[in-house]
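So the structure is just underneath, and the comments pick up after that.
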Amino acid sequence: MASALQAVLIADIIASSAQRALRKRLGATLAVAAQRHMHRKWIKLPYAVTAGDEFQTVAVHPHLLPHIILDLRILLQPFSLRIGAGIGRIADRIQPPVNRLGGEAFQFARNAMDAVKSGSHSKFDALTFFVSRSESFNETINLIYGLNDTLVSGITAKQWKTIAAFTRNPALASSSLRLNLDISTVSRNLKRGYYWHLTATAKAVESLIEHTFH
């Protein structure tokens, strides 16, 4: 039985019934995301669509979750994601298929997804929720993501496109050429799309996870 704490991520598509050819589009995009995140050593298993529009994976380390979450939101545009994350133990050897694995990390992630779907955890809407054994950590991180997700919900399609281009090559000049926009427009789209807020949140949450589960 694995003894180290693991991080499980479960996600699904909001309003998926309105999306055409969803399964095919989702599968193709997740293949790109999996290749990218495996190359970066962010995830232990490729993303697996396990039920309808739901998919899951196991992170290499819990502190990588905020970076995985942000990158998934960028890569999977125009889909809007609900994400549940669980930090705990996994009862089995970590190997595919991911839907055959079990343990508290998976149960925590499922509980987190249920909380996002029901909206029962807070009086404000959130797209991301964490569950672990640490109640103080859960309270803090879910407040952070509740505020962060308020910003995420306000990002326009053009701003997401600029964020995606800048993420691929983080230079204003390169993004300007790729998007056929002037540099000032790229800079404005990043600022108004809360890009700097989102990346600062990911770094702060990474530090919070490391200090909590060191």
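The values are calculated or read from the model by the stated rules, or taken from the named source; none is laboratory data. This one's a predicted model, so the numbers in the text were calculated from it and none came from an experiment. Counting neighbours? That spans all protein chains shown, and the Cβs are built from the backbone with ideal geometry, glycine included.
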Seminar exercise, completed: segment 97-214: helices (runs of 4 or more DSSP H) wholly inside it with 2 or more residues that are over 22 Å from F79 (Cβ atoms) are 104-118, 135-152, 172-179, 183-192, 195-212
For this session: Please enumerate the residues belonging to segment 8-55 that are crowded, with 16+ Cβ neighbours inside 10 Å, modelled with pLDDT of 90 or more, out of contact with any helix residue (DSSP H, G or I) (no Cβ under 8 Å at 6 or more places or on another chain) and part of a helix (DSSP H, G or I).
Result: L30, A34, M38
For this session: Go through segment 56-65 residue by residue and tally those that are out of contact with any Leu (no Cβ under 9 Å at 6 or more places or on another chain) and in a helix (DSSP H, G or I).
Result: 1
Seminar exercise, completed: Listed by first then second residue, the pairs whose first member lies in segment 145-170 and is free of Cβ contacts under 8 Å to residues at least 60 places away in the same chain, whose partner is surrounded by fewer than 18 Cβ atoms within 10 Å (Cβ to Cβ) and among the aromatic types (F, W, Y), with beta carbons under 8 Å and at least 6 positions apart or on separate chains, are G146/F124; T150/F124
Exercise. List pairs: first in segment 53-68 and of a type in the set (G, A, S), second assigned to a strand (DSSP E or B), Cβ under 9 Å, 6+ apart or cross-chain?
Worked result: A59/Q6; A59/A7; A59/V8; A59/L9; A59/I43; A59/A85
